[in-house]
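The values are calculated or read from the model by the stated rules, or taken from the named source; none is laboratory data. The model shown is predicted, which means the values in this text are computed figures rather than measured ones. Virtual Cβ from ideal backbone geometry, glycine too; neighbours counted across all protein chains shown.
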Amino acid sequence: MGRPATFNDLTEVLREQSEAIKQKLNVDRANMFIPTDGKGLRIHVSVPKGCPDGLPEHIEMRLNDGTDVDVTLEISKDFQPFKPR
Amino acid sequence: MKFKDALKTIRKYGLSLVAEKKHNVRLVAIGRKETGALAGATDFCVTAYVEKKLTSKQMKARGIESFNAAYSAVLGVKKPAKTEIDVVESPGAFRPRPGLRIPRPQRGVYGGNPPVLNAQKPFGALRCGIGITNPTNEYPNAVSVGTAGFYMEDDNGNLYVVSNNHVIGRANDAAQNESIVQPGTLDLTSTEFQLMPTLNSLVTNLEIASVLAVVPLQFITPANTPNNRVDAAIGQLLETDRTLDDLDRLTFGGTIRGIAARYTVDANAAIRGSTRVYKVGRTTGYTEGNVTGLAGVSTISYDDNSNDKDAHFVDQLVIEATDDNVGPFSDRGDSGSGVENDQHELIGLLFAGNDFHTLVNPIADVLSELRNVTGIPSLRVITG
């Protein structure tokens, strides 16, 4: 298990590996961001309503520099596509 | 006359000028003969506010003295200089504005939303948060609207308006010099449609700017999912009859005071920086929110009927409306709004949303991309 991901790690993962996160969760649509509520570094992933229960709370991701990091996930089943306003 | 002389005159003689019924003066105040705000004026006058401006014959018939005569009599001067006094109409008596108290059954008559400035109407003085459209290849068969987010200037004194690419850049399809009109075409009244039935007539009457450059949206292809950071475009303001003195102003008051630094977080991912934000947009007007997410990632569909115009966005600010809002933080037509923090610093450019959240391009990325696509490194936001 890699070290806990820092904020910079999470931003790199989101910027470059969001597809990989979706694949690990076996979803084809998701919105993701880093919540800023001070309740811990994690990636919030909104997935479609019909997704099965038991999605992982932690995944391991490899950064560009080869470091493995443990990413905490917070899953909500309330995916709604964003549309241009 | 000088300000201090006008003030001295009003303080000494103001009561006498308004007290006499035959003067018909409701109020005297320091004003200026030319139209416009007092700010910046150097020549002032004593202004009388009357119910209605009357001819000499009408005044004689009603036993009313002209302000010219009243001023001379009260001050004991022969004849005031033309630039020394002014008369304006102000129908209706001045009354105190007590709290509104009515029998409950009459609430339907007096209650409801307060009348406010309408960001959808034509504005004589351009400002942030008003509706705009690029009507090319659309008007009059279709209408649309987005929001003018903020304005910029360069070292050569040129002025610009910024909104989204999908608003004034037609999602990459716009050519340079296409027209930008204000108000947006979706907000035209039926009379205005009749008066401006063609694109030419619309542009002749309502054009405020022309497209200068867009930050190209990079759509997803079977082979590639490029990252987008901003949905932005810029138009150069044209010389029209619109006033350009309020470009730092937000439609519902206040001015943009500066540019916010990028958000950072502490070890627990508690955000640093002012996260209470607001925006002014064409559709939902003034709304307040909180930045609740950073580094937002989502795929946005720019065409509901096809997958050819899906764009993947990274590094977005995520905003939730506060409970004090009547509705959402943003809605369709608010695209292009500038978003400010509670220090009145610009934090980003609004471009997308769903029922829960609004996505905003970070302002540092917007400015960097605009300077890049225009080739104008001195481009800067107009602030107050």
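Would you be able to say whether some residue in region B:278-300 is among the charged types (D, E, K, R) and without any contact (Cβ under 8 Å) to a residue 24 or more places away in the chain?
no
So, in region A:18-55, of the ones that are touching a helix residue (DSSP H, G or I) at 6+ places or on another chain (Cβ under 7 Å) and part of a loop (DSSP other than H, G, I, E, B), which residue ends up surrounded by the fewest Cβ atoms within 10 Å (Cβ to Cβ)?
Per the stated criteria, the residue is A:Asp28.
Please tell me if B:Thr243 is modelled with pLDDT under 95, within 27 Å of B:Glu153 (Cα to Cα), out of contact with any His (no Cβ under 6 Å at 6 or more places or on another chain) and surrounded by fewer than 19 Cβ atoms within 10 Å (Cβ to Cβ).
Answer is yes for this residue.
When you look at B:Asn268, is it without any contact (Cβ under 8 Å) to a residue 12 or more places away in the chain and either touching a Lys or Arg at 6+ places or on another chain (Cβ under 8 Å) or outside any loop (DSSP other than H, G, I, E, B) (or both), yes or no? Walk me through it before giving the result.
On the way: without any contact (Cβ under 8 Å) to a residue 12 or more places away in the chain: yes; either touching a Lys or Arg at 6+ places or on another chain (Cβ under 8 Å) or outside any loop (DSSP other than H, G, I, E, B) (or both): yes.
Yes.
Residues B:Gly289, B:Gly281: which one is facing chain A (nearest Cβ under 10 Å) and surrounded by 22 or more Cβ atoms within 10 Å (Cβ to Cβ)? It would help to see each step written out before you state the result.
Details: B:Gly289 fails: facing chain A (nearest Cβ under 10 Å).
Result of the check over B:Gly289, B:Gly281: B:Gly281.
In region B:291-307, which residue that is hydroxyl-bearing (Ser, Thr, Tyr) and in a strand (DSSP E or B) is nearest to the chain's Cα centre (by Cα)?
This residue is B:Thr292.
So, in region B:239-265, exactly how many residues are on the phi < 0 side of the Ramachandran plot and not in a strand (DSSP E or B)?
Counting residues in region B:239-265 that are on the phi < 0 side of the Ramachandran plot and not in a strand (DSSP E or B) gives 17.
Determine, yes or no, whether B:Thr255 is more than 13 Å from every other protein chain (Cβ to nearest Cβ) and either of a type in the set (Phe, Trp, Tyr) or closer than 20 Å to B:Ile168 by Cβ (or both).
Answer is no for this residue.
I'd like to check something: does region B:332-352 contain any residue that is surrounded by fewer than 22 Cβ atoms within 10 Å (Cβ to Cβ), over 26 Å from the mean Cα position of the chain (by Cα) and either within 24 Å of A:Asp37 (Cβ to Cβ) or not assigned by TED's automatic domain parsing to the domain that holds B:Val230 (or both)?
No, the conditions are met nowhere in region B:332-352.
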